[in-house]
1. Under 29 Å from the Cα of Lys159, which lysines turn up, not counting those fewer than eight places away in the same chain?
2. Leaving ligands, DNA and RNA out of it, work out the accessible area of Leu244 with a 1.4 Å probe and give it in Å² to the nearest 10.
3. For segment 139-245, which trypsin sites (Lys or Arg not before Pro) are in a loop by DSSP, counting at most 15 other Cβ atoms within 10 Å?
4. Would you mind computing, in nm to one decimal, how far apart the modelled labels at Ile187 and Tyr79 are, each placed 7 Å from Cα along Cα→Cβ?
5. Accessible area of segment 158-216 with a 1.4 Å probe: how many percent of it is carbon plus sulfur?
6. From the C-alpha gyration tensor of segment 175-245, pull out the three semi-axes of the equivalent ellipsoid (sqrt of 5λ each), sorted largest to smallest, in whole Å.
7. Run the quick spin-label model on Ile35 and Asp227: label points 7 Å from Cα toward the beta carbon, then report their separation in nm to one decimal.
8. I'd like the FRET efficiency for Asp12 and Asn152, computed as 1/(1 + (r/R0)^6) with the beta carbon distance as r and R0 of 25 Å, rounded to 0.05.
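The values are calculated or read from the model by the stated rules, or taken from the named source; none is laboratory data. Treat the numbers as computed from the prediction; the structure is a model and nothing was measured. Using ideal geometry, Cβ is built from the backbone for each residue, glycine included, and neighbour counts are taken over all protein chains shown. Only protein heavy atoms, including side chains, enter the accessible area calculation; ligands, DNA and RNA are left aside. Shrake-Rupley method; radii C 1.70, N 1.55, O 1.52, S 1.80 Å.
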Amino acid sequence: SLHQLLVDNGYDVIIHADDTPLTVSDVADIDVLAITNTLGSPDPDTGIDRPLSFDEKILIKNFVASGKGFFFTGDWVRYNLPEFNDVSQMFDVTFDLQDIDYIPIVEDGFVTFYPVPYWRAYLFDFYSYYSIYPSQPIMRKAPFLGYSCFVNPGHEIFKDVNSILILGASFINPKEFGVAAIQTHPITGRPRDWPISANGGYPVITALEHGSGRVVISADTNCFGNDGFATSVTAGTDNQTFALN
């Protein structure tokens, strides 16, 4: 769906679909390089599932520093975190999961916490978690209880974007908000700081500057893809606009 969205908006999309290392000539005419996690097994025909080489990492960093863009998505699957971090740590971003041993419930208008021993969860937020549809959290630009889930909401990456549907994410930890970010709500979201820090919450998507270029790293893949786009239409969120930005 992301591929089709880009094509429909006039972009040329080239898929590097073989197992040969990236070279300078591969990216010479490219404006944005994207590596997206498919949450699946290696391609059955090619078996491709390999880490980036040291030379490829240097190439990517130089590519961005020259004024280009790099987009990477990881996700919440615990055993894949080392693979995600192997890519994201090129730009000093680390994914992590927060162990959560409670779930929020609303009783008589008040929020209480029901303990669930040894339960581990990815991102959720009870501000939207109990809406009829969708069950996944919606990150909103509009302040709620004094806080916005958008860090630097006036940044151009948020143009015409008021809300984002997240379909299961890890967290960026240690926190890196960069020049813009989407974060868990510091009061209603988990994990959270106690006491609440200046920015509050934990980022799940961050935009960083590197040299003359820009990097966007997301701890959720699905919000930029097939089921995420379809669900966001039903939810009335701006995932497709955000993906284009």
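1. Reachable lysines: Lys61, Lys68, Lys141, Lys175.
2. About 60 Å², rounded to the nearest 10.
3. Working: sites: Arg140, Lys141, Lys159, Lys175, Arg192, Arg214; in loops: Lys141, Lys159, Lys175, Arg192.
Loop-located and lightly packed - Lys159.
4. 4.1
5. On the way: 980 of 2050 Å².
Whole-percent figure for carbon plus sulfur exposure: 48.
6. Ellipsoid semi-axes (Å, largest first): 23, 19, 9.
7. 2.4
8. Working: r = 30 Å, r/R0 = 1.20.
It comes to 0.25.
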